[in-house]
1. Quick one: the Cα spread of the range 98-216 along its three principal axes, in angstroms, biggest first?
2. To the nearest 20 debye, what is the magnitude of the charge dipole of the range 376-454 about its Cα centre, counting +1 on the Cβ of each Lys and Arg and -1 on the Cβ of each Asp and Glu?
3. For the range 273-398, what does the convex hull of the Cα positions come to per residue, in cubic angstrom?
4. Using +1 at the C-beta of Lys and Arg and -1 at the C-beta of Asp and Glu, which of Leu455, Thr50, Gln157 has the Cα lying farthest in the positive direction of the dipole of the chain?
5. Please compute the Kirkwood hydrodynamic radius over the range 123-174, one decimal place, Å, based on all pairs of different Cα atoms.
6. How much length is gained on full extension from Ser230 to Arg63, taking 0.36 nm per residue of separation minus their Cα-Cα distance?
7. Rounded to the nearest 0.05, what FRET efficiency do Leu12 and Arg452 give with R0 = 22 Å and r taken as the Cβ-Cβ distance? Could you check?
8. How big is the dipole moment of the range 227-267 about its Cα centre under a simple scheme where the beta carbon of each Lys and Arg is +1, that of each Asp and Glu is -1, and everything else is neutral? Debye, nearest 20, please.
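What follows draws every value from the coordinates through simple rules; no lab data is involved. In this text, all values refer to a predicted model and were calculated from it rather than measured experimentally. Neighbour counts are summed over all protein chains in view; Cβ atoms, including those assigned to glycine, are modelled from backbone coordinates with ideal geometry.
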Amino acid sequence: MNSVVDIAGIFLPELPAEIVTLGPEVPERYHADWSGVERVRPLALLRPRTTAEVQACLRACHRHNLPVVPQGGLTGLAGGAQPHPQGVAISLERLRRIEAIDPFGLIATVEAGVVLQDLQAALRPHKLLFGVDLAPRGSCQIGGMLAANAGGQGVVQFGTMRAQVLGLEVVLADGSLLSMLRPLYKNNTGYDLNQMFVGSEGTLGIITKAVLRLHPAPAQKLTGFLAFDSFADVLALLRDLQHQFPGRVAAFELMWADFLDAVRRHVPVKFPFGTTPPMAVLFDIAGGNEADAAALEALLGEGFEQGRIQDGTLATSIQQAEELWRIRESVAEIFAQTKPINFDPSLPIPKVQEFIDEACAAIARQWPELPLLFFGHLGDGNLHIIADAAYLPAGDTEEDVQARVYAVLRGYNGAITAEHGVGSLRVGALTHDRSVAELAAMRAIKAALDPRGILNPGKVFAAQ
Ligand SMILES: Cc1cc2nc3c(=O)[nH]c(=O)nc-3n(C[C@H](O)[C@H](O)[C@H](O)COP(=O)(O)OP(=O)(O)OC[C@H]3O[C@@H](n4cnc5c(N)ncnc54)[C@H](O)[C@@H]3O)c2cc1C
């Protein structure tokens with residue numbers, strides 16, 4: 001089963017021709033996600049417009065044992081949406097209706113292909129916000145974010161996608177429908193099946209709709225960018241902000257000198273300091289009336305006096321806050337300038353610097369020339385590391401570098417991925433985090449929901 005003719009024979013009698021694109025016609029952009037994995041042309045691309053069409057697609061694939069790769073906005077960094085050469089890709093991009101916004105219940109019902117930025121724009125007139133925000137907001141879709149359990153800068157305040165979900169509609173591998181779109185905050189009637197699909201990276205079912213929790217949007221926010229000499233001083237600031245503004249620290253991002261220098265080299269941003277400090281924090285506080293601003297200035301003033309904060313600026317306009325955020329969100333440009341090996345470990349917050357020092361030493365012993373950039377969502381213990389594989393000697397691979405970093409991580413009780421997921425890039429590393437018993441339970445769930453193993457084979461688990 002691998003010719004265009006066979007595929008046409010399967011799909012064209014059963015599906016509307018407008019939703020089927022056959023192999024050679026599949027545009028390049030569907031051949032891979034953002035992760036830099038090998039580009040693969042699927043046998044066909046299916047772009048259903050309704051849940052019923054998603055069901056029809058999966059029924060046909062199931063009958064013919066065809067591998068199926070769900071695709072959202074293709075911004076994933078783990079190769080999760082990379083097509084299968086002997087299978088089809090199903091893009092959710094045409095399921096992009098925002099069905100309902102309930103400003104009283106603080107709930108939205110959306111189709112899976114809704115782009116994050118479109119949801120944010122639709123919520124603005126209601127003075128509401130969605131709890132998860134990330135840099136590729138103009139492309140990533142709610143379904144992809146759910147399947148990846150995306151995090152981003154708001155996790156310190158609102159949690160990951162997992163915490164935003166009230167109900168899902170999911171099409172299972174055989175085309176049957178699990179409709180769980182209940183607009184309820186509490187429901188203890190049996191198992192919560194919704195959560196099983198969050199973070200499942202397209203291996204258990206295709207998410208077609210979601211009922212999501214919303215939050216009132218603060219009228220203002222306070223944004224600051226501060227320079228530090230030591231990690232201990234950064235931790236002290238995080239603690240002080242959380243005590244001063246309980247539940248209102250909306251972002252707390254830390255960037256180390258090498259990352260800041262890379263931004264200054266490659267991206268035309270306004271940098272607030274004359275020289276690059278050892279580390280810099282970018283934070284948002286939700287709210288920001290006069291009393292908040294005064295309390296923040298007093299808190300920071302004390303930090304300056306005691307020599308804990310070296311330099312800093314508070315945004316005085318939305319435009320200035322956006323310029324400061326541009327520094328942190330320049331990651332896409334840095335990716336473009338490097339041959340990135342991405343890491344996104346999760347660590348106990350106080351241990352982050354110790355882990356960095358040990359990981360740097362371990363890498364330097366083997367590859368003294370390998371550049372490493374560190375930044376991350378410190379408020380929730382999620383570090384990001386970019387290593388530039390262009391500096392690896394011939395014969396050494398990304399997996400060799402991964403093995404070094406993960407060996408250090410094990411000593412910290414960390415997780416190999418806080419956000420990006422396992423996808424295809426980290427399949428070999430799954431055993432670093434998960435015990436034999438956990439792996440067996442995960443495989444049992446997979447076998448129960450997708451007995452033929454057609455959903456995203458080779459992702460999360462090695463292909464069988
Ligand atoms: C510059 C940059 C910055 C980023 N910053 C962050 C960040 O701060 N936090 C973060 O968490 N991530 C971040 N990411 C990673 C990425 O944006 C997120 O993982 C995002 O949630 C992926 O959404 P997507 O729609 O692009 O999904 P895709 O990349 O298309 O797919 C992701 C996974 O979900 C599956 N999938 C997609 N749609 C569905 C569906 N409807 N049903 C079932 N499975 C589906 C795919 O098969 C794949 O396994 C960043 C990426 C880039 C390029």
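1. In descending order, the Cα extents are 39, 29, 26 Å.
2. The calculated dipole for the range 376-454 is roughly 380 debye.
3. 145
4. Comparing the listed Cα positions along the dipole, Thr50 ranks first.
5. Values: mean 1/r = 0.0821 Å⁻¹.
So the Kirkwood estimate lands at 12.2 Å.
6. Gain on extension, Ser230 to Arg63, equals 54.2 nm.
7. Plugging the Cβ-Cβ distance into 1/(1 + (r/R0)^6) gives 0.45.
8. 160
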